[in-house]
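Structure record follows, encoded as structure tokens.
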Amino acid sequence: MKYCVGIDLGSTTTKAVILGEEGRILGRGITNSRSNYKVACDVALSEALVDARFNLVLQGLDQSGLDETEAADALELLSLRFREQQYRSDLAAFTEAVRVLPEMKNAEAEFREAFDEVMSAVVGEASELFAPGASRRSDFFRDLLASRYHPMAEEVVRKGKVGFNRLVALFDKAILRVENLPPDPGRFAPYAKAALAAIPGSDPALVQAVTAAAGTEMEAVGSVGTGYGRATLPFPKEQIRSEILCHGLGAHAMYPRTRTVLDIGGQDTKAIQVDDEGIVTSFQMNDRCAAGCGRYLGYIADEMNLGVQELGPLACQSTRKVRINSTCTVFAGAELRERLSLGENREDILAGLHRAIVLRAMSLLARSGGVDSEFTFTGGVAKNPAAVEALHGLVKDNYGDMKINISPDSIYTGALGAALFARRGLLNQEKSAQEVVQ
Amino acid sequence: MSQDVPRTLKTAGVDVGSSSVKVALMVDTEGERAQLVSGQSERIGRRDPIQVAEGLYQDCLQEAGWTREDVSYVATTGEGDMLEWHTGHFYGMTTHARGGLYLDPEARAIVDIGALHTRAVVMDESAKVLGYRMTSQCASGSGQFLENICRYLGITIDEIGPLSLQSDDPERCSSVCAVLAETDVINMVSRGISAPNIIRGIHQSMSGRYLRLLASAKARGVVLVTGGLSRDVGIMRSLQESADEQKTPIQLRSHPQSVLAGALGAALWGAFRVRKLATQGVSLSLKTAV
């Protein structure tokens with residue numbers, strides 16, 4: 001199977017989308033960005049390929065005559081067991097990385113035993129973590145392990161004489177090493193096999209579909225990279241496109257009637273106008289100041305000791321409008337503290353902060369040419385209900401009733417655009433090759 | 001009719017900043033140099049600044065062996081006018097100029113590096129303010145910014161100065177935004193750049209900002225650094241180096257009590273006002289509400 005890949009190397013996450021020969025999305029992959037950009041790309045791509053193979057399994061199940069819900073359930077279970085296998089193998093790599101650390105080699109037996117105790121507890125509950133219906137904060141290995149390692153370490157520390165900070169230091173050092181290990185390209189088959197083995201009495205149709213998916217050759221025929229770190233991508237220059245172009249084209253592919261795209265990412269905010277082909281006609285961007293970017297909410301979340309995904313739902317509970325006077329993120333943080341100490345309601349202040357970030361984006365939108373037709377909102381902040389609510393209100397106030405599209409896959413917009421550029425480049429090549437022949 | 005004012009006055013200065021409260025108790029004797037009897041600074045953290053100020057004022061009174069009634073004037077500055085028990089309030093630039101001159105009589109300008117704002121004040125030998133400049137609605141290069149960086153590097157604010165001096169190859173810090181620079185720092189750490197080199201790079205970028213502020217306020221000669229960052233030997237070194245490189249005719253100094261400059265200045269202005277009002281026949285009754 002031939003595919004084109006688009007990679008969006010963002011400041012917080014790296015995304016990959018792969019397209020089949022007919023331009024259909026075969027798979028999507030995401031990973032947390034890290035200091036080694038090449039590895040981040042490879043991991044995102046390998047995740048997208050895994051996703052593609054899962055989609056092949058689903059196709060196989062459909063063809064075998066299984067009904068839709070049965071097929072989806074079977075796939076869900078398979079994917080959980082698969083993730084568990086992946087997690088276990090990452091855990092083994094992590095343990096190995098810790099063992100070679102000088103801090104560990106030179107440590108007293110007591111400390112080494114404490115670490116072993118933490119890890120055996122973490123490994124022991126791996127199946128539980130991937131049980132059907134179990135909640136996980138994120139599926140990135142770093143977050144998964146941190147969510148288990150730290151509480152386990154606390155517990156072990158309480159029993160013994162080992163310092164918590166030393167155990168955490170091991171984590172901080174070893175996790176970087178594990179994250180920067182290149183992914184194993186051939187790992188679908190063995191993991192899927194192990195996953196199947198872990199599902200007792202699995203359907204022969206499932207076994208057959210997995211075998212077929214694992215045996216499918218995948219061949220990359222085109223690739224384009226984009227995103228915050230695109231300059232450092234291991235791609236030739238002609239295979240790099242700006243984020244603006246990719247977001248425009250990606251949003252157009254998702255919603256063909258889109259004429260305006262607003263992307264609020266971690267490090268920057270973009271307001272883009274596109275024509276009926278998805279080609280950018282004008283844009284405005286803020287990448288100099290955190291006010292108006294996703295990092296603004298991240299900073300506020302840190303100030304309040306909350307997770308960034310908890311802010312939106314809290315702000316939605318607000319009953320009274322609060323106007324935040326500060327622009328700068330740090331000043332807004334100080335204003336937040338001040339208002340809290342004056343006894344103002346946390347939910348109201350949060351709603352005010354969400355409004356403030358969207359207001360900044362509105363000025364970018366206005367400068368890029370405003371909104372006069374269908375509108376698409378992308379980026380991590382598009383997942384935040386309070387920001388979406390504020391945007392709806394402000395767009396309505398300024399431009400009237402407009403259709404606002406928000407896709408659950410909006411995080412992949414840039415990568416999708418990049419993949420479409422890769423495919424377009426490939427088609428152009430073929431066309432000119434044909435012309436030469438003629 | 002002029003009222004009698006004792007030759008020796010006891011006054012208090014309370015400087016409420018955005019991250020800490022500073023209190024100075026002073027004895028001001030006519031014709032002599034005023035004496036600092038008790039001076040303390042305390043971080044607000046996530047507490048109510050009014051309560052922190054109240055507690056710190058009590059601590060200082062105790063250290064000095066004074067009662068509230070001994071104090072002829074409680075002068076506030078910064079955001080201290082929110083305190084119910086203050087006698088009068090003075091603007092930050094006048095108190096910092098007065099306090100700066102008290103700490104270093106040769107100083108003709110101060111640069112007050114606070115948690116959120118930085119201001120440059122140029123004054124004459126009698127603490128008259130000749131001009132000033134202040135940073136606007138952006139925390140780039142502020143004390144809070146440096147504190148955030150510390151948090152990411154896992155070091156305390158007191159360690160930052162000595163670490164900065166160990167730098168052998170400062171890493172240039174390009175990002176201007178205080179918040180986006182944090183990402184840069186995280187990237188630097190993962191690229192294996194040492195903490196001293198990261199910190200020094202940040203100190204250098206902050207220094208550039210402060211020097212531009214001083215230049216636009218037309219500062220000359222001895223400049224006293226006040227505010228929380230005056231204790232940071234790293235920022236002092238890099239400020240002087242940058243000034244010398246740019247051939248700016250200023251000499252930067254710090255004082256162990258620099259952080260109290262605003263509170264000191266306020267206490268001094270308080271004594272000045274008591275005497276001035278007395279010549280006009282007004283006596284002050286102190287508000288001693290707790």
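Looking for something within 27 Å of the chain's Cα centre (by Cα), of a type in the set (K, R) and modelled with pLDDT of 90 or more - is there at least one such residue anywhere in the range A:106-118? Spell out the reasoning first.
The first filter runs over the range A:106-118 and keeps only residues within 27 Å of the chain's Cα centre (by Cα), leaving none.
Among the residues of the range A:106-118, not one is within 27 Å of the chain's Cα centre (by Cα), of a type in the set (K, R) and modelled with pLDDT of 90 or more, which makes the answer no.
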The range B:102-151, subset β-branched (V, I, T) and over 13 Å from A:F331 (Cα atoms), residue modelled with the lowest pLDDT = B:I149
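Does the range A:1-30 hold any residues that are closer than 24 Å to B:T183 by Cβ, assigned to a strand (DSSP E or B) and touching a residue at least 60 places away in the same chain (Cβ under 8 Å), and which are they? Even if it seems obvious, please write down each step before you answer.
Keep residues of the range A:1-30 that are closer than 24 Å to B:T183 by Cβ, which gives A:6-16, A:29-30.
Now restrict to residues that are assigned to a strand (DSSP E or B): A:6-9, A:13-16, A:29-30.
Within the range A:1-30, A:G6, A:I7, A:D8, A:L9, A:T13, A:T14, A:K15, A:A16, A:I30 meet the criteria.
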note = When (1) modelled with pLDDT under 95; (2) of a type in the set (S, T, N, Q); (3) within 25 Å of B:R191 (Cα to Cα) are applied to A:T95, the one that fails is (1)
remark   = Expected single match for modelled with pLDDT under 90 and hydroxyl-bearing (S, T, Y) among A:S407, A:S432, A:S368, A:S363 is A:S432
key: Out of A:L426, A:L391, sole residue that is out of contact with any His (no Cβ under 6 Å at 6 or more places or on another chain), surrounded by 12 or more Cβ atoms within 10 Å (Cβ to Cβ) and farther than 30 Å from A:L49 by Cβ   = A:L391
inquiry  = Of the conditions (1) assigned to a helix (DSSP H, G or I); (2) away from chain A (no Cβ under 12 Å), B:R151 satisfies every one except a single condition; which number is it?
reply    = (2)
key: Leading residue by the ranking (surrounded by the fewest Cβ atoms within 10 Å (Cβ to Cβ)) among those in the range A:315-347 that are polar (S, T, N, Q) and more than 8 Å from chain B (Cβ to nearest Cβ)   = A:T319
task = Would you mind telling me which numbered condition in (1) free of Cβ contacts under 8 Å to residues at least 60 places away in the same chain; (2) under 12 Å from A:T376 (Cβ atoms) A:G248 fails?
result = (1)
ask   = For the range B:154-182, how many residues are within 14 Å of another protein chain (Cβ to nearest Cβ) and in a helix (DSSP H, G or I)?
value = 3
request  = Mind counting the residues in the range B:190-209 that are crowded, with 16+ Cβ neighbours inside 10 Å, of a type in the set (S, T, Y) and part of a helix (DSSP H, G or I)?
outcome  = 2
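Does B:G262 satisfy being within 17 Å of the chain's Cα centre (by Cα) and under 18 Å from B:I160 (Cα atoms)?
Working: within 17 Å of the chain's Cα centre (by Cα): yes; under 18 Å from B:I160 (Cα atoms): no.
Taking the combined requirement at face value, the residue does not satisfy it.
Condition first: assigned to a loop (DSSP other than H, G, I, E, B), assigned by TED's automatic domain parsing to the domain that holds A:P190 and over 27 Å from A:A44 (Cα atoms). Can you find one or more residues in the range A:153-161 that meet it?
First, pick out the residues of the range A:153-161 that are assigned to a loop (DSSP other than H, G, I, E, B): A:160-161.
Then drop every residue that is not assigned by TED's automatic domain parsing to the domain that holds A:P190, which leaves A:160-161.
Adding the requirement that they be over 27 Å from A:A44 (Cα atoms) leaves A:160-161.
Looking through the range A:153-161, at least one residue is assigned to a loop (DSSP other than H, G, I, E, B), assigned by TED's automatic domain parsing to the domain that holds A:P190 and over 27 Å from A:A44 (Cα atoms).
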ask   = Out of B:G80, B:G100, B:G141, which single residue is more than 28 Å from B:H203 (Cα to Cα) and either away from chain A (no Cβ under 13 Å) or surrounded by 21 or more Cβ atoms within 10 Å (Cβ to Cβ) (or both)?
value = B:G80
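The values are calculated or read from the model by the stated rules, or taken from the named source; none is laboratory data. Predicted model, so just to flag it, every value in this text is computed and none were measured. Cβ sites come from the backbone with ideal geometry, for glycine too, and all protein chains shown count toward neighbours.
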